[in-house]
Amino acid sequence: MWRNWIPFWEPGVSSYAGDVDLLFAGLLAMSVAVIMLLLVLLAGFAVRYRAGGHADRSHRIRKSWHWEVSWTAATMIGFLGLFAWGASLYLEVYASAPAGLPIYVVAKQWMWKAQHPGGQREINELHVPVNRPVRLIMASQDVIHSFFVPAFRVKHDVVPGRYQDLWFEAEKVGVFQLLCAEFCGTDHSRMSGRIVVLEPAEYEAWLARQDVGGTLAAEGAALFRELGCSGCHFGTSAVRAPPLAGLYGKPVPLAGGGMTIADERYIRDCILNPHAQVPAGYEPLMPSFAGRVSEDELIRLVAYIKSLAAEPRQ
Amino acid sequence: MKADVETNYLTADYRLRSWFLTTDHKRVAVLFFATITLFFFVGGAAATMIRLELATPQADLVRSDIYNRLFTMHGVVMVWFFLIPSIPTTLGNFLVPLMIGARDLAFPRLNLTSWYLFLIGGSVTLYALFVGGVDTGWTFYAPFSTMYSNGHVVLAVLGVFIAGFSSILTGLNFIVTIHRLRAPGLTWYRLPIFIWSLYATSVILVLATPELAITLALVALERITGIGIFNPRLGGDPLLFQHMFWFYSHPAVYIMILPGMGVVSELVTCFSRKNLFGYKFVAWCSIAIAAIGFLVWGHHMFVSGQSPFAGIVFSFMSFVVAVPSAIKVFNWTATLHKGWVSYDAPMLYALAFIGLFTIGGLTGLFLACIAFDVFVTDTYFVIAHFHYIMVGGMVTAYFGGLHYWWPKITGRLYPEYWARAAAILIFFGFNMTFFPQFILGILGMPRRYHVYAPELQVWNVLSSAGASILALAYLLPLFYLGWSLFWGRRASSDPWHATGLEWQTSSPPPKHNFVATPIVERGPYVYTVDGEAVPQNA
């Protein structure tokens with residue numbers, strides 16, 4: 001394959017890594033061509049027109065504007081092409097993420113914790129099936145981290161205070177390095193882990209082998225009752241709160257106009273900062289749970305509310 | 001029109017107070033030169049420790065907390081206390097009045113104030129770095145810097161805050177001077193490109209630095225009082241910090257490189273004995289870079305969670321800002337065509353600049369290209385890229401300019417062979433240090449890593465070996481330039497047979513620069529077809 005011919009380059013192994021590698025090859029070819037041209041011109045002029053040399057200096061270029069316009073235009077066109085290439089690939093990959101296997105990732109100084117919907121947990125390791133899109137919902141408990149898997153050509157910051165989405169599809173079974181790319185304190189360079197890509201059957205077997213208390217959603221349901229959420233959101237309480245069944249993934253009209261999609265981020269924000277985006281027709285009565293629930297607990301609550309998506313809307 | 005005077009600015013008065021209370025722009029330039037040279041070697045020492053540590057994959061020289069303090073010290077010192085002030089406060093301070101035929105800057109006392117502010121700011125930051133250090137990286141990213149860091153963040157930030165006012169005052173001084181104090185006949189299109197580029201730099205200094213001051217003040221405020229600005233736990237937004245920080249810090253990159261481009265324009269014409277190709281294009285490209293440079297900050301945040309649409313717009317603007325830089329490279333190259341090219345040390349530096357800056361610029365396109373940046377951002381690819389611009393470009397230009405104007409500043413000639421040897425050694429040492437870092441980047445080594453995967457060691461060893469050559473090469477000028485102060489041959493007023501006004505007065509210049517105000521007759525780079533210089537004023 002052509003990618004093996006770039007010196008010191010290890011071809012990427014995710015579904016869009018080939019496109020990123022091709023882009024790299026294009027940028028590299030352009031750069032080498034420009035550098036060679038420049039070196040030839042610089043060296044050529046420097047030697048040919050050295051002081052004391054006898055080269056002909058008459059008929060110097062006096063009016064230079066057409067040269068200026070030409071190389072400005074050529075540069076512009078070249079740059080526009082590269083921009084369009086990079087931008088279209090970026091949009092293709094990131095503007096519409098495929099519905100993938102959701103895995104929750106919590107980053108903290110200095111470890112990665114991954115949680116599968118079935119309740120399986122792992123630290124500094126992430127098992128994923130091959131050839132299947134995986135969607136990471138990432139949160140940070142302290143400072144900014146960055147989820148970086150060089151072999152997949154993928155990286156995204158994990159900024160505290162919000163969920164970050166990232167998807168990839170591994171194309172090769174094996175073990176790949178996971179690194180933290182954003183400086184996060186003392187052991188930043190040791191905040192690494194392994195991505196273990198398995199055949200689908202092996203992945204299922206791995207999931208089954210894990211010691212699991214309950215699914216994330218089941219744990220979330222227990223937490224939901226414990227925190228007293230069910231009092232208002234379910235049942236016949238005097239307080240009228242928005243029903244959560246069938247909510248996930250649906251558009252929500254907001255009080256004060258506007259619309260939002262009830263994704264993980266919206267659900268999280270509503271738990272922590274309920275008055276920011278109140279659904280139309282409801283009073284801003286809910287207390288904030290900021291400081292009362294950890295990122296781990298939030299993940300469970302979100303997973304539980306997501307699990308209600310299949311139920312009919314009330 | 002040789003100035004016929006007994007004393008020059010150096011011999012006018014020998015008392016200490018005549019230096020520390022001077023309002024002579026040339027003496028202030030010398031004060032700045034001594035100060036930033038000190039900072040250059042402090043930052044360089046930190047870099048040396050970093051490269052030593054990285055020669056092996058494990059941690060063996062220092063603990064992680066110390067390593068983190070070393071790269072923070074390297075970044076903070078090099079960016080704010082060497083690169084940003086380097087050319088403007090030394091060569092700029094010395095040359096702006098001389099090149100425009102003025103007796104001094106518009107505000108001589110403000111100029112001295114600028115040096116004192118710089119000294120105070122630098123001392124505060126150095127104090128913070130030595131009494132316990134800072135472990136945030138030079139970028140001070142929140143909420144790490146405002147809540148989690150266990151270093152002296154507030155002190156370090158305070159030093160940078162104070163030094164910022166030095167930048168603002170210098171920028172203001174240059175703008176007013178260039179507008180108001182040009183010699184008779186010196187129209188804008190007769191100004192040397194060095195002046196154009198310093199003008200563009202000054203505009204950025206004045207407009208961007210206050211914004212950095214606000215950002216740093218907010219970091220200190222959040223850290224001291226716990227008022228929520230950047231920390232989400234307190235209701236703040238970490239991305240707000242990044243927007244505010246890069247809104248200054250990307251234009252700051254142009255503060256660093258534009259003066260270098262100005263120096264190279266002077267060197268290329270002088271050592272090609274030819275008018276600069278496309279003078280007006282080069283001049284306006286400086287202004288264009290300064291203006292567009294304010295609209296590209298988001299390319300530091302492609303993976304931070306800003307919207308994909310914003311990412312695309314910033315990617316586009318980042319390609320646009322590269323166009324004027326490319327135009328400059330073409331014009332410098334075309335200047336050599338049909339010239340009389342000689343290879344004195346300053347020209348070697350200029351040629352090295354063109355090559356290294358071009359590599360830095362081209363790899364900048366890799367990073368502007370958003371889909372590829374996702375892969376290499378925050379890796380050694382970025383480190384290599386900006387060192388090609390900042391060190392390969394800016395520091396090389398600074399050294400070139402220093403050699404070129406050394407006879408004017410000191411009145412002495414440096415030993416040419418040593419200077420050429422140093423230039424060549426710097427070029428090779430530099431490439432050996434930083435080219436392997438591109439490869440480390442595409443192999444996925446993140447920046448600010450104290451320990452790394454063993455298979456990456458070979459590239460790190462190469463880089464560290466290069467760094468030791470580079471460190472020696474940077475020490476060389478200290479010796480032979482220092483030697484020349486005492487034993488160098490005396491310089492004539494115009495040892496390079498150049499055209500600018502600064503060469504029409506004696507070396508070193510008298511206290512008030514010119515015996516009689518020069519009357520400017522023509523553009524800055526007029527040479528006959530045989531390469532004879534035609535001075536601007538005769």
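The residue list B:Leu356, B:Leu367 contains one member that is more than 21 Å from A:Met36 (Cβ to Cβ) and either in contact with a helix residue (DSSP H, G or I) (Cβ under 6 Å, 6 or more places away or on another chain) or surrounded by 24 or more Cβ atoms within 10 Å (Cβ to Cβ) (or both), which is B:Leu367. Of the numbered conditions (1) of a type in the set (A, V, I, L, M, F, W, C); (2) in contact with a helix residue (DSSP H, G or I) (Cβ under 8 Å, 6 or more places away or on another chain); (3) facing chain A (nearest Cβ under 10 Å), B:Phe314 satisfies every one except a single condition; which is it? Only one criterion in (1) of a type in the set (A, V, I, L, M, F, W, C); (2) in contact with a helix residue (DSSP H, G or I) (Cβ under 8 Å, 6 or more places away or on another chain); (3) facing chain A (nearest Cβ under 10 Å) is unmet by B:Phe314, namely (3).
Yes/no per residue for (1) loosely packed, with under 15 Cβ neighbours inside 10 Å; (2) among the polar types (S, T, N, Q); (3) in a helix (DSSP H, G or I); (4) in contact with a Gly (Cβ under 8 Å, 6 or more places away or on another chain):
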residue	(1), (2), (3), (4)
A:Cys270	no, no, yes, no
A:Gln277	no, yes, no, no
A:Met286	no, no, no, no
A:Ala290	yes, no, no, no
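Per the listing A:Ser288, A:Ser230, A:Ser189, the residue uniquely of a type in the set (Ser, Thr, Tyr), without any contact (Cβ under 8 Å) to a residue 60 or more places away in the chain, touching a His at 6+ places or on another chain (Cβ under 6 Å) and farther than 24 Å from A:Glu169 by Cβ is A:Ser189. I'd like to know if segment B:347-359 contains one or more residues that are under 30 Å from A:Leu179 (Cβ atoms) and modelled with pLDDT of 95 or more. Yes, some residue in segment B:347-359 is under 30 Å from A:Leu179 (Cβ atoms) and modelled with pLDDT of 95 or more.
Would you be able to say whether some residue in segment B:189-205 is away from chain A (no Cβ under 14 Å) and free of Cβ contacts under 8 Å to residues at least 60 places away in the same chain? Looking through segment B:189-205, none of the residues is away from chain A (no Cβ under 14 Å) and free of Cβ contacts under 8 Å to residues at least 60 places away in the same chain. Being touching a strand residue (DSSP E or B) at 6+ places or on another chain (Cβ under 6 Å), without any contact (Cβ under 8 Å) to a residue 40 or more places away in the chain and within 21 Å of A:Tyr163 (Cβ to Cβ), is that true of even one residue in segment A:81-91? So far as segment A:81-91 goes, no, none of its residues is touching a strand residue (DSSP E or B) at 6+ places or on another chain (Cβ under 6 Å), without any contact (Cβ under 8 Å) to a residue 40 or more places away in the chain and within 21 Å of A:Tyr163 (Cβ to Cβ).
For segment B:496-526, which positions are closer than 12 Å to B:Pro97 by Cα and not in a loop (DSSP other than H, G, I, E, B)? Passing the criteria: B:Leu501, B:Glu502. Within segment B:360-382, residues that are more than 7 Å from every other protein chain (Cβ to nearest Cβ) and over 19 Å from A:Val13 (Cα atoms) reach partners that are of a type in the set (Asp, Glu) and surrounded by 24 or more Cβ atoms within 10 Å (Cβ to Cβ) with beta carbons closer than 6 Å, at six or more positions or on different chains, in the pairs B:Leu367/B:Asp373. Only one of these is among the small types (Gly, Ala, Ser) and in contact with a Phe, Trp or Tyr (Cβ under 7 Å, 6 or more places away or on another chain): B:Ser123, B:Ser166. Name it. Going through B:Ser123, B:Ser166 in turn, just one is among the small types (Gly, Ala, Ser) and in contact with a Phe, Trp or Tyr (Cβ under 7 Å, 6 or more places away or on another chain): B:Ser166. Would a scan of segment B:209-226 turn up a residue that is of a type in the set (Ser, Thr, Tyr) and without any contact (Cβ under 8 Å) to a residue 12 or more places away in the chain? Yes - at least one qualifying residue is present in segment B:209-226. For segment B:215-247, the set of residues classified as among the hydroxyl-bearing types (Ser, Thr, Tyr) and at pLDDT 95 or above consists of B:Thr215 only.
Listed conditions (1) modelled with pLDDT under 85; (2) surrounded by 13 or more Cβ atoms within 10 Å (Cβ to Cβ) are all met by A:Ala238, apart from (2). Criterion applied to B:Gly92, B:Gly101 was being buried (at least 20 other Cβ atoms within 10 Å of the Cβ) and at positive phi, and the one residue passing it is B:Gly101.
Of the strands (runs of 3 or more DSSP E) contained entirely in segment A:142-210, those carrying at least 3 residues that are at the interface with chain B (Cβ under 10 Å from one of its Cβ atoms) fall at A:145-149, A:154-158, A:164-168, A:174-180.
Just the residues that are small (Gly, Ala, Ser) and either touching an Asp or Glu at 6+ places or on another chain (Cβ under 9 Å) or buried (at least 22 other Cβ atoms within 10 Å of the Cβ) (or both), please, taken from segment A:157-208. Steps first, answer last, please.
At the first step, the residues of segment A:157-208 found to be small (Gly, Ala, Ser) are A:161, A:170, A:174, A:181, A:185, A:189, A:192-193, A:201, A:205, A:208.
Across segment A:157-208, the qualifying residues are A:Gly161, A:Ala170, A:Ala181, A:Gly185, A:Ser189, A:Gly193.
Within segment B:527-538, the set of residues being assigned to a loop (DSSP other than H, G, I, E, B), within 18 Å of A:Tyr49 (Cα to Cα) and not hydroxyl-bearing (Ser, Thr, Tyr) comprises B:Val529, B:Asp530, B:Gly531, B:Glu532.
Only helices (runs of 4 or more DSSP H) whose full extent lies in segment B:320-393 are considered here, and the ones with at least 2 residues that are closer than 19 Å to A:Gly78 by Cα are B:345-368, B:370-376.
Provide a single number: the residues in segment A:103-122 that are outside any strand (DSSP E or B) and not polar (S, T, N, Q).
Residues flagged as outside any strand (DSSP E or B) and not polar (S, T, N, Q) within segment A:103-122 amount to 5.
Picking from B:Arg27, B:Arg15, which residue would you name as being among the basic types (Lys, Arg), surrounded by fewer than 20 Cβ atoms within 10 Å (Cβ to Cβ) and without any contact (Cβ under 8 Å) to a residue 24 or more places away in the chain? Of the residues listed, the single one that is among the basic types (Lys, Arg), surrounded by fewer than 20 Cβ atoms within 10 Å (Cβ to Cβ) and without any contact (Cβ under 8 Å) to a residue 24 or more places away in the chain is B:Arg15. Filtering A:Tyr90, A:Tyr16, A:Tyr49 for residues that are more than 28 Å from the chain's Cα centre (by Cα), crowded, with 17+ Cβ neighbours inside 10 Å and aromatic (Phe, Trp, Tyr) leaves a single hit, A:Tyr49.
The sole residue among A:Gly246, A:Gly174 that is touching a helix residue (DSSP H, G or I) at 6+ places or on another chain (Cβ under 9 Å), over 28 Å from B:Asp237 (Cα atoms) and modelled with pLDDT under 90 is A:Gly246.
Annotation note: Cβ proximity below 8 Å between a residue of segment B:318-333 that is within 17 Å of B:Met347 (Cα to Cα) and a residue that is assigned to a helix (DSSP H, G or I) and of a type in the set (S, T, N, Q) (sequence gap 6+ or interchain) occurs for B:Lys328/B:Ser265; B:Val329/B:Thr358; B:Trp332/B:Ser265. Candidates are the residues of segment B:493-526 that are surrounded by fewer than 21 Cβ atoms within 10 Å (Cβ to Cβ) and closer than 30 Å to A:Gly53 by Cβ; the one that is farthest from the other protein chains (Cβ to nearest Cβ) is B:Ser493.
Listed conditions (1) within 14 Å of another protein chain (Cβ to nearest Cβ); (2) assigned to a helix (DSSP H, G or I); (3) over 13 Å from the mean Cα position of the chain (by Cα) are all met by B:Phe247, apart from (1). Take the residues in segment B:383-414 that are more than 16 Å from the chain's Cα centre (by Cα) and within 14 Å of chain A (Cβ to nearest Cβ); name whichever of them is farthest from B:Trp138 (Cα to Cα). Ranking the candidates gives B:Ala384 first. So, B:Ser484, is that one under 30 Å from A:Phe147 (Cα atoms), away from every other protein chain (no Cβ under 14 Å) and more than 22 Å from the chain's Cα centre (by Cα) or not? Taking the combined requirement at face value, the residue does not satisfy it.
Only one entry of A:Pro102, A:Pro129 meets the criterion of being touching a helix residue (DSSP H, G or I) at 6+ places or on another chain (Cβ under 9 Å) and surrounded by fewer than 21 Cβ atoms within 10 Å (Cβ to Cβ), and that entry is A:Pro102.
The values are calculated or read from the model by the stated rules, or taken from the named source; none is laboratory data. Only a predicted model underlies this, so the values are computations on that prediction, with no experimental measurement involved. We place every Cβ from the backbone using ideal geometry, glycine too, and count neighbours over all the protein chains shown.
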